[in-house]
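The values are calculated or read from the model by the stated rules, or taken from the named source; none is laboratory data. Fair warning: this is a prediction, and the values are worked out from it, not measured in the lab. Backbone-built Cβ (ideal geometry, glycine too); neighbour counts: all protein chains shown. We work out accessible area using only protein heavy atoms, side chains counted, and drop any ligands, DNA or RNA first. Shrake-Rupley method; radii C 1.70, N 1.55, O 1.52, S 1.80 Å.
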Amino acid sequence: MPERLAETLVDLWTPLIILWITLPTCVYMAPMNLAHTGTAGSPLELSRQTEELRILNRSKRGWVWNQMFVLEEFSGPEPILVGRLHTDLDPGSKKIKYILSGDGAGTIFQINDITGDIHAIKRLDREEKAEYTLTAQAVDWETNKPLEPPSEFIIKVQDINDNAPEFLNGPYHATVPEMSILGTSVTNVTATDADDPVYGNSAKLVYSILEGQPYFSIEPETAIIKTALPNMDREAKEEYLVVIQAKDMGGHSGGLSGTTTLTVTLTDVNDNPPKFAQSLYHFSVPEDVVLGTAIGRVKANDQDIGENAQSSYDIIDGDGTALFEITSDAQAQDGVIRLRKPLDFETKKSYTLKVEAANIHIDPRFSGRGPFKDTATVKIVVEDADEPPVFSSPTYLLEVHENAALNSVIGQVTARDPDITSSPIRFSIDRHTDLERQFNINADDGKITLATPLDRELSVWHNITIIATEIRNHSQISRVPVAIKVLDVNDNAPEFAAEYEAFLCENGKPGQVIQTVSAMDKDDPKNGHYFLYSLLPEMVNNPNFTIKKNEDNSLSILAKHNGFNRQKQEVYLLPIVISDSGNPPLSSTSTLTIRVCGCSNDGVVQSCNVEAYVLPIGLSMGALIAILACIILLLVIVVLFVTLRRHKNEPLIIKDDEDVRENIIRYDDEGGGEEDTEAFDIATLQNPDGINGFLPRKDIKPDLQFMPRQGLAPVPNGVDVDEFINVRLHEADNDPTAPPYDSIQIYGYEGRGSVAGSLSSLESTTSDSDQNFDYLSDWGPRFKRLGELYSVGESDKET
C-alpha cells in the first residue's frame, strides 16, 4: 500500500513540480536578467540598464533563484528534484561551479555543481521541520573565486495528510445531574492534528459519537457533548460510556481519525421519597428499663444517596407520645425509639405509636411528585419485671417537739410492692444518716420513734434515709429521704446578751442613762421574743438606780441622784430579773456591775480605780506612768545582773538533753570474746552521771598540774563489772585534769574466758623485758612473721 501511494504521488506531482520549477524561472528570469545581466528584453531596456550601470557603478547578479517547494514524506527510488540554480554568467562552457550551504546542505539537500540541480536525498517530515534556509553561490571552477555574492533562498516542505487526530487529554470523565432536560451540556473534548491547518483540509476535524447513543449527542465542530434523552434516572443506570471520534479532511472519505472515551456519571438529586420497609413494627421492653434506653429502631429506605437520602423521624400520633421519643441516627439513617418516662406494667401493658420519616433536603423541582415522607405503626409491649418497693411519697417531712418523750411516734412512712405478687415490705434506717441513733423505725409498719432526747438549740433539722426491702427478694431495695424538724418549746430562760459592766460618773446627773442592756433567749417562739425586766422585790425601792423598758426590747438603767463618790463606794451590784413570754414563762436573774468613775465635764470616763487613791497625793497621770517605767527598768537591770552573776559562777555542766557531741570513752578492757556475756552497757559509759548523781563538767582550765596516773593492774575475775566501771567513773569525774569530751577512758579489765588473753600493751604493768613472744609462732602461719619481728627485737636488746 505505501509503495502504491508513493507511485501515485510521483505520477501526480511530477508534472506539477516541473511546472512549478519552470514557471518561476520564466517569470523571474526576465526581471532578474534585466536587473543584473541585461541580456534579455528590448533594446530600450538594455540601453537603460547600461546607463544605470554607468551611473550606479555597482556589481550585478547574473544568476536566477527563488524559493522552492518539496513534498513531505516522498519516498521514491530516486532523489526528488527540488529545483535548479542557474546564472547568466554560465555560457555553458562548464567553467562555473555551484556551491550550496545552510540547513541540510550535503545531508538532506544535494546540488549538482555543474548543472545547479538541487535534489532531496532524504525523506522529509513537515511536522519535524517546515522549511530550510540555504545559501547558493556561483564560483569559478578553477580558481574557486566567487563570481557573484552569495544569496539565500528557502525550501519549504509541503504538507500531506499523514497525521491522524489525537485526544491528548483522554480518556475523559464528566458528570451531569439525573433528570436533566434534553440538550443539557455535559462537557466538551478537543482533538489535535499535527498536519498544516492552513494548507488543505488535512487538519480540519469533524467530531462524532460512535457509542453512547441515544443518550448523548455531540456538536460536529465544537465537540460539545449534550444529553440526547430527558429525565435519565440515576437509580436506573448511573454510568454511561461514550466513544467519540475525530476525523480530519472535514470528515470526508480518506481522512484519518482518532477516538477517545468519555465516562458520564449521573449525579443524584432528591427525586425519591423515603419508604419504610414495613408498615408495622413490634418491640417489647421491660418495665424497669432505664430512662433513655433504646427500645428499637425503624428505618425508611431512600433510593437517593448522600444528603438527598437523609430523613428526620418523628412520633406524630399514638397513646405513648409522652413516654417515648424518637431520634434520627445520621450514620445509620434510621430512627431510634427511646424511653422518656418510667413504665408500669401494672398500669398499662402496651402502647401504639405512629412514626413518620420525612426528607430533610427537598428539591422544589420535584415537589409535584408527591410528599417526600412516609409513615409506619409501632407497637410496644411492656413486660413485667420484679420492681423494688415504691414509697407513697418521694420525700417525707416530719415535725417533733424537742421535749417529746422517748419512744414516742414521730411519723410514719409507707411503701408497697408494685408487682402483682405484692411482696411484704420491711423498713429500716440507713445508720450512715443517723450516726447518733436518735431515731428508730418499726420494721413492719414504718413508724418512726424517738430514741434519744432532742434539743432544738443544738440541731433544728435531722435528715435520715429510710430503706424499704422486699422480704421475698432482698435485692429489691428502695430509699426515701425523711426530713425531721425539731419544734421549739420554751425550755430556756432569757439572759443578758453580753457581759455588761456599767460606768457611773461621780459628777453625773439624776435621770442620766448609765447603761442600756439587751437580753437573749435560745428559744425561738413563733411570734418573736418579748422580754419583761424588773428588779428583785427587795430592790424595788432602790435608792440609787431605776430601770426603764425601751421599745426595741432593751432596758435602760438610770441614776436616781447625783453625788456618787467612789471613795465611799466604788462598785454597785444591781440584780435584774428577765422574763420571756413563753408558756409557761421562764425567767432568770442577771447582775449588772456598776463602777463609779471620775469623768471629765463632758462625761468622758477618765479613771475608775487606782487614780482615786493616787491623785490626792498630788501626782498626775503622767508622773505616775514615769514612775512605773523607772521601776520596771530597774527591775530589768537587776534581773540581768543576777543572771550574768549566776552564769559566771555556775559550773560548766551540760545536761543530757544538751549533750549533742560525741563522747569517746577510752578504756583498756579488751572484752571476753564470744564467751563474755557480762559485758557492760556502753550507755553507762556515755552517762556516768546516771549512776552516782555526778554531772559531767564543761571545759575549764585545770588548776592542778597533770599528774600521770599509774597503770592499773587487771582486775581479778571475781570483781563485778558494774562496780569496776563506777569506780573508774568516779575517779574520772574527780580528776580536774581529765578532759570531759572526745576522751578515751582506760579500763584494764579483760573479761572472762578469753583463750588468747590480753593483747593490749596499753598501761601494761609489766615491762617489755618481761615479755616472751615465742608463743606467737605457736599461733599459726598468720602470726609467724609477727613472732620473727619480736624475736629479732629481743636479740637486739640482748646484744
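Which of the lysines could a cross-linker span from K95 if the Cα-Cα distance has to be under 21 Å and same-chain partners fewer than 8 positions apart are dropped?
The reachable lysines, counting only those whose Cα sits under 21 Å from K95, are K60, K145.
Can you work out ³J(HN,Hα) from phi for every residue in the range 394-408, in order, using Karplus 6.51 cos²θ - 1.76 cosθ + 1.60 and θ = phi - 60°, giving whole Hz and x for Gly and Pro?
Karplus-based 3J(HN,Hα) across the range 394-408 equals x, 9, 10, 10, 10, 10, 8, 6, 5, 9, 5, 6, 5, 6, 6 Hz.
What FRET efficiency comes out for the pair H173/E128, r = Cβ-Cβ distance, R0 = 22 Å, nearest 0.05?
0.05
At a 10 angstrom cut-off on C-beta neighbours, averaged per residue, how do the peptides 266-276, 540-550 rank from highest to lowest?
Descending mean neighbour count gives 266-276, 540-550.
If you roll a 1.4 Å probe over the heavy atoms of the protein chains, what accessible area per residue do you get for the range 109-200, in Å²?
54
Taking the Cβ-Cβ separation of E221 and I114 as r and a Förster radius of 51 Å, what is the calculated FRET efficiency to the nearest 0.05?
In this case the efficiency is close to 0.40.
If you average the C-alpha positions of the range 231-304 and of the range 68-143 separately, how far apart do those two centres end up, in angstrom?
Going from one Cα centre to the other spans 69 Å.
How big is the gap, in Å, between the Cα center of the range 415-454 and the Cα center of the range 343-371?
Using only Cα atoms to place each centre, the spacing works out to 48 Å.
Which of the pairs K379/K447; K522/K568; K129/K204; K129/K226; K522/K548 have their Cα atoms more than 32 Å apart in this structure?
Over 32 Å apart, Cα to Cα: K379/K447; K522/K568; K129/K226.
On the accessible surface of the range 290-361, probed at 1.4 Å, how many percent belong to carbon and sulfur atoms?
47
Charges at C-beta only: +1 for Lys and Arg, -1 for Asp and Glu. How large is the resulting dipole of the range 174-326 about its Cα centre, in Debye rounded to 20?
The calculated dipole for the range 174-326 is roughly 540 debye.
Students often check this: by mean Cβ neighbours within 10 Å, which of 494-504, 780-790, 282-292 ranks highest, and how do the rest follow?
Going from most to least packed, we get 494-504, 282-292, 780-790.
Sort 583-591, 107-115, 187-195 for me by packing, meaning the mean count of neighbouring Cβ atoms within 10 Å per residue, highest on top.
The most tightly packed comes first, giving 187-195, 107-115, 583-591.
Roughly how much of K354 is accessible, in Å² to the nearest 10, using a 1.4 Å probe?
We get 90 Å² for K354.
For the range 275-425, report the accessible area per residue in Å² (1.4 Å probe, heavy atoms, rounded to an integer).
54
From a point 7 Å beyond the Cα of E495 in the direction of its Cβ, which residues of the range 536-551 have a backbone N at a distance under 18 Å?
Output list for this probe position: empty.
Pop out the ³J(HN,Hα) list for the range 464-481 in order, Karplus 6.51 cos²θ - 1.76 cosθ + 1.60 with θ = phi - 60°, rounded to Hz; leave Gly and Pro as x.
With the stated coefficients, the range 464-481 comes to 10, 10, 9, 10, 10, 10, 6, 5, 7, 9, 5, 6, 8, 10, 10, 10, 9, x Hz.
Of F345, V355, S393, whose Cα points farthest to the positive end of the dipole of the range 335-396 (charges on the beta-carbon: +1 Lys, Arg; -1 Asp, Glu; origin at the Cα centre)?
V355
Please give the length that would be gained between N473 and A623 if that part of the chain were fully extended, namely 0.36 nm times their separation in residues minus their C-alpha to C-alpha distance (nm, one decimal).
Stretched fully, the N473-A623 segment lengthens by 44.9 nm.
With +1 assigned to the C-beta of every Lys and Arg and -1 to the C-beta of every Asp and Glu, and no other charges, what is the dipole magnitude of the range 430-485 about the Cα centre in debye, to the nearest 20?
100
Please work out the FRET efficiency for the pair T433 and Y530, using the Cβ-Cβ distance as r and a Förster radius of 51 Å; give the result to the nearest 0.05.
Computed FRET efficiency for T433 and Y530: 0.85.
Ignoring ligands, DNA and RNA, what percent of the accessible area of the range 136-221 is carbon or sulfur (1.4 Å)?
Looking at the range 136-221 in its full context, I get 50 percent from C and S.
How big is the dipole moment of the range 271-389 about its Cα centre under a simple scheme where the beta carbon of each Lys and Arg is +1, that of each Asp and Glu is -1, and everything else is neutral? Debye, nearest 20, please.
Its charge dipole is roughly 420 debye.
Modelled label-to-label distance, N231 and R416, 7 Å Cα→beta-carbon offset: nm?
Those two pseudo-labels are separated by 6.6 nm.
Modelling each spin label as a point 7 Å along the Cα-to-Cβ direction, I'd like the E551/D329 distance in nm, to one decimal.
7.6
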